Amino acid sequence: MDMSELPLPHVLIVDDDEAVVELLKNYLEANELRVSWAPDGRAMQDAFDREVIDLVLLDVRLRHESGLQLAAQLRERTLLPIIFVTGRAEEADRVMGLELGADDYVTK
């Protein structure tokens, strides 16, 4: 199989801040990754039902739900890599995120 025939790795961004999503999307696509966006947990679940996802970038603080709870739900059904992306740099949040199964925690 020719390498050009392989599908691009697929990153799902779960964040309700469209400006942040656009920055992340531009960067990831420039580095040859396929990117989808979900503004909330329902859209995240829909994306998983429709497509193969290779990595989730998940905001800790969504407007109407907790990214920490969404990560726990994801961990119940998959070992897929999860990276929290957040505006908060507090150590307690980082520890909780990693304990819930995130693979890394990056400050915006």
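The values are calculated or read from the model by the stated rules, or taken from the named source; none is laboratory data. If you're wondering where the values come from, they're calculated on a predicted model, not measured in any experiment. Neighbour counts are summed over all protein chains in view; Cβ atoms, including those assigned to glycine, are modelled from backbone coordinates with ideal geometry. Please note that ligands, DNA and RNA were not included when accessible areas were found on the heavy atoms of the full protein model with its side chains. Shrake-Rupley method; radii C 1.70, N 1.55, O 1.52, S 1.80 Å.
Descriptive notes on the structure:
- Among 12-25, 69-82, sorting by the average number of other beta carbon atoms lying within 10 angstrom of each residue, highest first, gives 12-25, 69-82.
- Taking all Cα pairs closer than 8 Å and separated by 6 or more residues, the relative contact order of the chain comes to 24 percent.
- Per-residue ³J(HN,Hα) for the stretch 75-81, Karplus 6.51 cos²θ - 1.76 cosθ + 1.60, θ = phi - 60°, Hz, x for Gly and Pro: 4, 5, 10, 7, 9, 3, x
- Column: log10 I(q)/I(0), Debye, Cα scatterers of the chain, q = 0.14, 0.15, 0.16, 0.22 Å⁻¹: -0.52, -0.60, -0.68, -1.24
- Helix 18-30 and the long axis of the chain differ in direction by around 40°, with both axes built from C-alpha atoms.
- Gyration tensor verdict on the stretch 1-58 (Cα atoms; rounded if a/c is under 1.5, prolate if a/b is larger than b/c, oblate otherwise): oblate
- Net charge of Cβ neighbours under 13 Å - reference D15; Lys, Arg +1; Asp, Glu -1: -3
- Where V60, V95 fall by accessible area, highest first, once all protein chains stay in place (1.4 Å): V95, V60
- A simple rule links phi to the HN-Hα coupling: the Karplus curve 6.51 cos²θ - 1.76 cosθ + 1.60 with θ = phi - 60°, which for the stretch 63-68 gives 4, 10, 7, 9, x, 4 Hz, with x for Gly and Pro.
- Top of G87, G97, G41 by mean-square fluctuation, Gaussian network on the chain, Cα under 10 Å: G87
- Of the beta bridges in the chain, as assigned by DSSP with both residues counted there, near 5 percent are antiparallel.
- Per residue of the chain, the DSSP helices (runs of n ≥ 4 H) give a summed -39500 (n - 2.57) that works out to -12000 deg cm²/dmol at 222 nm.
- Based on protein heavy atoms only, the chain ends up with 61 Å² per residue of surface accessible to a 1.4 Å probe.
- Folded to 0 to 90 degrees: helix 41-50 orientation relative to the chain principal axis, Cα: 30
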